[in-house]
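Participant: If you scroll down you'll find the structure; I have some questions about it.
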Amino acid sequence: MQAVCTCRPATEDDVEVLFHLISGYAEKGIMLPRSREALKRLIGTFVVAEVEGVIVGCGSLCQLGKDLVEIRSLGITDGYKGFGIGSKLVDKLIEQAREQNLTKVMALTYEDRFFVKNGFNVVDKEIFPEKVWTDCVNCPKQKNCDEIAVLKVLN
């Protein structure tokens, strides 16, 4: 891919594209769905990746504790995977976490190799009670979770 990818904060104008991108992953059971209303409410937590003015990826941060933040809704449009766009989004989200003086960034994922490549370590989910008691308690996979927890401690 020759085109340049840029990452920027999402705006309300991006909600429809985000909704469809996230819904595609949710339909495959690998990402939690987000309603348009939730996306509008949480738009300030999202970053989008653009190639030639077209949104091709997204990700968001959700603060779980005083020093812990989670990367959520990280996804790339088919046809744009494998070009480093996901890593650019993660870098931008980590930059935002640093700006907020947060020292731990975690994610639950099926793509642990991607996160390890980006400086995360695989860890036990149970070290994140903030996540377990806020989100996992309501998840249909709670008793049989197959996601892998990853953590990056920021310096």
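The values are calculated or read from the model by the stated rules, or taken from the named source; none is laboratory data. Values in this document were obtained by computation on a predicted structure and should not be read as measured data. Glycine also receives a Cβ, built like all others from the backbone with ideal geometry; neighbour counts cover every protein chain displayed. With ligands, DNA and RNA removed, areas are computed over all heavy atoms of the protein, side chains included. Shrake-Rupley method; radii C 1.70, N 1.55, O 1.52, S 1.80 Å.
Participant: Consider T109 carefully, then state whether it is β-branched (V, I, T), at pLDDT below 90 and closer than 25 Å to L18 by Cβ. Give the derivation first.
Facilitator: Details: β-branched (V, I, T): yes; at pLDDT below 90: no; closer than 25 Å to L18 by Cβ: yes.
Answer is no for this residue.
Participant: Please verify whether L42 is among the aliphatic types (A, V, I, L, M), closer than 21 Å to D14 by Cβ, open to solvent by 60 Å² or more (accessible area, probe 1.4 Å) and modelled with pLDDT under 95, treating the condition exactly as stated. I'd like the intermediate steps shown before the answer.
Facilitator: Values: among the aliphatic types (A, V, I, L, M): yes; closer than 21 Å to D14 by Cβ: yes; open to solvent by 60 Å² or more (accessible area, probe 1.4 Å): yes; modelled with pLDDT under 95: no.
Criteria not met by L42.
Here's the yes/no breakdown for (1) open to solvent by 70 Å² or more (accessible area, probe 1.4 Å); (2) touching a Phe, Trp or Tyr at 6+ places or on another chain (Cβ under 6 Å); (3) within 19 Å of A149 (Cα to Cα); (4) free of Cβ contacts under 8 Å to residues at least 24 places away in the same chain:
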{"residue": "V4", "(1), (2), (3), (4)": "yes, no, no, no"}
{"residue": "T11", "(1), (2), (3), (4)": "no, no, no, no"}
{"residue": "L32", "(1), (2), (3), (4)": "yes, no, yes, no"}
{"residue": "G53", "(1), (2), (3), (4)": "no, no, no, yes"}
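Participant: Hey, any hits in segment 100-115 for a residue that's in contact with a Pro (Cβ under 9 Å, 6 or more places away or on another chain) and in contact (Cβ under 8 Å) with a residue 24 or more places away in the chain?
Facilitator: First, the residues of segment 100-115 that are in contact with a Pro (Cβ under 9 Å, 6 or more places away or on another chain): none.
Scanning segment 100-115 turns up no residue that is in contact with a Pro (Cβ under 9 Å, 6 or more places away or on another chain) and in contact (Cβ under 8 Å) with a residue 24 or more places away in the chain.
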